[in-house]
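The values are calculated or read from the model by the stated rules, or taken from the named source; none is laboratory data. Quick caveat, the model's predicted, so the values are computed rather than measured. Neighbour counts are summed over all protein chains in view; Cβ atoms, including those assigned to glycine, are modelled from backbone coordinates with ideal geometry. Quick note on the areas: whole protein, heavy atoms, side chains included, nothing else; ligands and nucleic acids left out. Shrake-Rupley method; radii C 1.70, N 1.55, O 1.52, S 1.80 Å.
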Amino acid sequence: MRAIIVDDDPDILNLYKKYLAGYGLDIDVCLSAEEAVALIEKKSCEFMIIDWGLPKMSGLSLCRWVRGRPHGDVPYILMITVKKGPKHLKELLDAGSDDYLAKPFSLDSFQIRIKVALNDIHHRTRRREAEMLVDAMAERMRTVLDSLQIGAVLLDKNHKVLYSNDTAAYMTQQSLNNNIPFAECMPLTGDNKNILRRWLDTSGATGRLTLHLDLRTDRWLELETYPDVKDPRRRIIHMKDVTEAMEAKLSKSRRDEYNLTGQSWAASEMRRQIDLMADGEWNVLIEGETGTGKELAARALHNLSSRSEKTFLAVNCAGLTDTLASSILFGHKKGAFTGAVSDHKGFFEAAEGGTLFLDEIGDISPSLQVMLLRALEQKEITRVGENTPRRVDVRILTATNKNLAREVEQGHFRADLFYRLNSARLVLPPLRERREDIPLLIEHFLYQYRRRYPELNSKVNSEAMKILMNYPWPGNIRELKSVIQFAAVQAANGLITPEELPPDIVNPPQAKLDIVLKAGNDAQSIRNAITAAAGNRSKAASYMGVSRATFYRKMKKFNI
């Protein structure tokens, strides 16, 4: 270890050298600060003893010069002084002195200060060596990450970029500039930028997020964050290109069909419930407004279950007569009724070993409710025109846009059948309760259209996105999909602006908004819906959140 002692008295310098002889130091002595400056410019040192009262350039000025050097080693400085008191002590500390010793002092005091200094230098050296090792390992890690095509970004406590590797720049197709917030550097739409900001704010030290980049070619990145071991306030982001996996997932997903896509709490909870319910043998009642994707949720439950290799069949029960429904569900024997020219296998038998999805279950008649209850309780069905029951192994999933519990209270639905169907209950949230998923859903629809029609390479500008985010979506995801398809066709230049959106999305009629906020089942609500839809009954049914068959039945009930 090299040490430099600076004092203008030769006898004092010799005395210091004598005292330090037993510490194994390589010692240089200087009679002035100027001589010390020249020496330090040539070779570095780890320890300095400086007398404050040097001629010309003082010891305090020398200390400031050493601390102000832009490069080189940073030595431990022990200042020798005759000055005392808080004012002078503050000057010493401000100048960068590590310790001081006031004259006159004893040999014991001097040796104690030397031991403290050498111990501190030892720890500094070890810390510096450890940091160099970490830096070397980090450099090797960067090389490894580049070779594995993993992007790496280091963020400060305010999420500003401190460092990014070449792979990160390649993946994002742009430079991630230092001292710029990470979300601002990333090529994302405004709402995806907000998603990234919220993730950085709320994911804590660790977390994972998948984002679609706003580039000319489709690219999905999975971001994973870790705390920086050198400074836990900083975060390391690893980027992995998952485009191929996401394309496969989007094109042939077993679960994340368009209605299940999303990063909102509601979408996450919906997926969690589906995962929990999928592998059981219990019946599942799926409730939700029209357009929330009840059949797709049923398919997801089937595809994730042990019955996924068997048949999935769906039947819409709305508007079916008892005879027709019985034949469709349970089958019939040749000659059972006029037109029954041969034996017919019903859906219960056709779905043997698989899943039968009964949509609009709340609309079936009381007599059909009795037949369905018997089939569920006994695991048997009887074809129309036969007396011999047939065993069936079918999992039953049902869906309705009604509140079946309320229907039971009002005497419109059998309680015993309700309890059979409601072994597990899945409620799909309306789109207005998961608005943060709208940008991701839109991107998914546009992705689907680009796959089918490459010429429709459309994007949504911020003004149109704001309108879509604020719209109440009475028709839910089905309506959103229709609107995006319409806008993509209209956007000749590839950019969807408010001009490409349907007029009633940009300026929804007040009656339509009122229906969404307070949907009723009385005659006036139906008339309001028809007025808001300019006479289009299918659209009016969508506004009220019911199926067309249910809407027509209500019109008939109220003689409209």
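Within the set D343, D359, D363, the sole residue that is at pLDDT below 85 and either acidic (D, E) or closer than 17 Å to P389 by Cβ (or both) turns out to be D343.
Per the conditions (1) closer than 28 Å to R198 by Cβ; (2) crowded, with 16+ Cβ neighbours inside 10 Å; (3) modelled with pLDDT under 90, the sole criterion not satisfied by L495 is (2). Looking across segment 152-161, just one residue is surrounded by 14 or more Cβ atoms within 10 Å (Cβ to Cβ) and out of contact with any Phe, Trp or Tyr (no Cβ under 9 Å at 6 or more places or on another chain), and that is D156.
A count restricted to segment 406-452 and to residues that are touching a residue at least 12 places away in the same chain (Cβ under 8 Å) and within 27 Å of D218 (Cα to Cα) stands at 19. Of all residues in segment 324-348, those that are over 19 Å from L373 (Cα atoms) have Cβ atoms under 8 Å from Cβ atoms of residues that are among the aliphatic types (A, V, I, L, M), 6 or more apart or on another chain, in K333/A340; K333/V384; K334/A340; K334/V341; A336/V384; F337/V384; A340/V384.
Checking the structure you have, find out if any residue of segment 413-433 is part of a helix (DSSP H, G or I) and β-branched (V, I, T). Don't jump to the end; show me each part of the working.
Quick first cut of segment 413-433, residues part of a helix (DSSP H, G or I) only: 415-421, 431-433.
Okay, now just the ones that are also β-branched (V, I, T), so none.
Among the residues of segment 413-433, not one is part of a helix (DSSP H, G or I) and β-branched (V, I, T), which makes the answer no.
For segment 343-391, taking the residues that are touching a His at 6+ places or on another chain (Cβ under 9 Å) and of a type in the set (G, A, S), the one that is farthest from G319 (Cα to Cα) is identified as G354.
Considering only residues in segment 417-436 that are within 26 Å of S305 (Cα to Cα), open to solvent by 50 Å² or more (accessible area, probe 1.4 Å) and not aliphatic (A, V, I, L, M), the one that is modelled with the lowest pLDDT turns out to be S423. Here H212 meets the list (1) at pLDDT 70 or above; (2) farther than 19 Å from S458 by Cβ almost entirely, failing just condition (2). Applying the condition of being closer than 21 Å to D11 by Cβ and at pLDDT 90 or above to segment 54-85 and asking which residue is most open to solvent (accessible area, probe 1.4 Å) yields S58.
Residues in segment 162-180 that are without any contact (Cβ under 8 Å) to a residue 40 or more places away in the chain, crowded, with 18+ Cβ neighbours inside 10 Å and not aliphatic (A, V, I, L, M): S164, N165. Every condition in (1) modelled with pLDDT under 75; (2) closer than 26 Å to L446 by Cα holds for G204 except the one numbered (2).
Per the listing A245, A267, A314, A318, the residue uniquely open to solvent by 30 Å² or more (accessible area, probe 1.4 Å) and at pLDDT below 85 is A245. Of the residues making up segment 341-363, just one is part of a loop (DSSP other than H, G, I, E, B), open to solvent by 10 Å² or more (accessible area, probe 1.4 Å) and touching a helix residue (DSSP H, G or I) at 6+ places or on another chain (Cβ under 9 Å), namely E360. The set of residues in segment 271-311 that are open to solvent by less than 20 Å² (accessible area, probe 1.4 Å) and among the small types (G, A, S) comprises A278, G280, G288, G291, G293, A297, A298, A300, S305. Within segment 104-116, at least one residue is within 22 Å of Y19 (Cβ to Cβ), under 55 Å from the mean Cα position of the chain (by Cα) and without any contact (Cβ under 8 Å) to a residue 60 or more places away in the chain. Take the residues of segment 101-110 that are assigned to a helix (DSSP H, G or I) and open to solvent by less than 60 Å² (accessible area, probe 1.4 Å): which is farthest from P75 (Cα to Cα)? Taking the candidates together, the pick is S109.
Of all the listed residues (E407, E377), the sole one being open to solvent by 60 Å² or more (accessible area, probe 1.4 Å) and part of a helix (DSSP H, G or I) is E377.
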